[in-house]
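For reference, the structure is listed below as structure tokens.
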Ligand SMILES: Cc1cc2nc3c(=O)[nH]c(=O)nc-3n(C[C@H](O)[C@H](O)[C@H](O)COP(=O)(O)OP(=O)(O)OC[C@H]3O[C@@H](n4cnc5c(N)ncnc54)[C@H](O)[C@@H]3O)c2cc1C
């Protein structure tokens, strides 16, 4: 027999979006809240896994936002446990390390005279021949801004590793969302260090990070909502959304003991992937919805986490690997985020990231095969001595990156428009909205959806547009 539970608000997913919604509801008097997540710990993609006392995020997670409300929330949640980190991130290309974000002088010097002349000529030619036609693809957008040579050197390989499709099949909005407003003159000025004040730091130079990893933020937020009376059911997977017309009557979940529980609620805040929401609907939607669901897809992500004997292996927080001879896309050194990631030991926590589809051979490699591959690739870039690797753990994460392939919008709009007809569903978060959001915008989507429910002054907010208007976030001055 199915157990039944009733709540006022049911939140699907205990990541930044779900916890943002829960906190806003709980702090505004809603006591009857349940948060459900299939993982054993909170934080979603922003969680921190602990192995043998060592801490690893799901890929490195820095905290940065132009939104002052989110910055206040983060600081209030962790206080002194939220520490500023001096940023160093570089690009590995042809055995050299280039500063990232790109600094003109650094890049031109390291590229050598021939390549840098080529880059400058192609940059100026792109400015002269600039067409008044809006770029449709990621490739066109970058070439229009930076020229062909800088595009092939600093954007193409990494972007294609991340998304798994050629840059001329990725929509321009990906670049516009992430690189909007980037002024090449600003890049040149900053690389020549023309600064107005010595003390002003930007998000390029410094970011914040919880002492014990990104997940510490969400563990603290979860503690706060539980103190206010909310229930959190972990290790519990949503199996179906039962509906009558455009109203969800209950959500069926399966807990860690295999028990099925029907959760009835007045409102549902959903951060589980948009495509899964439709796939789990009972009864299913029409075949046109099913076709749109089938047309959208996410990119999967593998992190190979290693503990290496010794410290000071490389100074960066992370390195983008623009080398097509290796499959890895990025590697991170958690010691350079916070010493507490290795518990103060004389060890280094390094992660190697791969972006994959489930149909790729890489996805079905065993843990040991993945560790071997990652160790070989670390040796190839001359950063880690294989002999010094002591332990390794793998995280395989599905639906990590909603894909903005060329033409996805038509299918996306069908799903978005249909979901807007649902009376008691608030879609939130990266997967739930199918938006390439960072933590700040994911959290904000939860908070604003809660305000829509609470009918707070200023509501209703358009949750679907949250990161569309975001400016390029690298150049913001820190508050
Ligand atoms: C490799 C990588 C690096 C990143 N780096 C950064 C960074 O540096 N800075 C930054 O700000 N952001 C970064 N992000 C983005 C950040 O992780 C996300 O924006 C954020 O975690 C999204 O929060 P969310 O709550 O919307 O979704 P999620 O974090 O995905 O949470 C959704 C939750 O729903 C749960 N769920 C899914 N399906 C079910 C089901 N059927 N039943 C029950 N529960 C379910 C999941 O377990 C998950 O906990 C990165 C993301 C990745 C993948």
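Throughout, read-outs are computed from the coordinates displayed, never taken from laboratory work. Being a predicted model, the structure only gives us computed values, none of them experimental. Methodologically, a virtual Cβ is constructed for each residue, glycine included, from the backbone with ideal geometry; neighbour enumeration extends over all protein chains shown.
Could you tell me how many degrees, from 0 to 90 and to the nearest 10, lie between the Cα long axis of helix 68-78 and the main elongation axis, the longest principal axis, of the Cα atoms of the chain?
80 degrees
Given a Förster radius of 25 Å and the C-beta distance between residue 409 and residue 462 as r, what FRET efficiency does 1/(1 + (r/R0)^6) yield to the nearest 0.05? Could you put the intermediate results ahead of the total?
Working: r = 17 Å, r/R0 = 0.67.
Using R0 = 25 Å, I get an efficiency of 0.90.
What's log10 of I(q)/I(0) for the chain at q = 0.13 Å⁻¹, Debye sum over Cα points only, no solvent?
-1.34
Under a point spin-label approximation (7 Å from Cα along Cα-to-Cβ), what is the residue 288-residue 357 distance to one decimal in nm?
It works out to 2.7 nm between the two label points.
Strictly greater than 24 Å: what percent of every Cα pair in the stretch 217-347 meets that?
Numbers: 4940 of 8515 pairs.
The answer is 58 percent, as a whole percent.
Length gain on complete extension for the stretch residue 416 to residue 129, per 0.36 nm per residue less the alpha carbon to alpha carbon distance?
99.6 nm
With 10 angstrom as the radius, rank 379, 324 by how many other C-beta atoms surround their C-beta, starting from the fewest.
Starting with the residue having the fewest Cβ neighbours, the order is 324, 379.
Kirkwood hydrodynamic radius of the stretch 344-475 from all distinct Cα pairs, in Å? Numbers along the way, then the final one.
Details: mean 1/r = 0.0538 Å⁻¹.
Kirkwood radius, the stretch 344-475: 18.6 Å.
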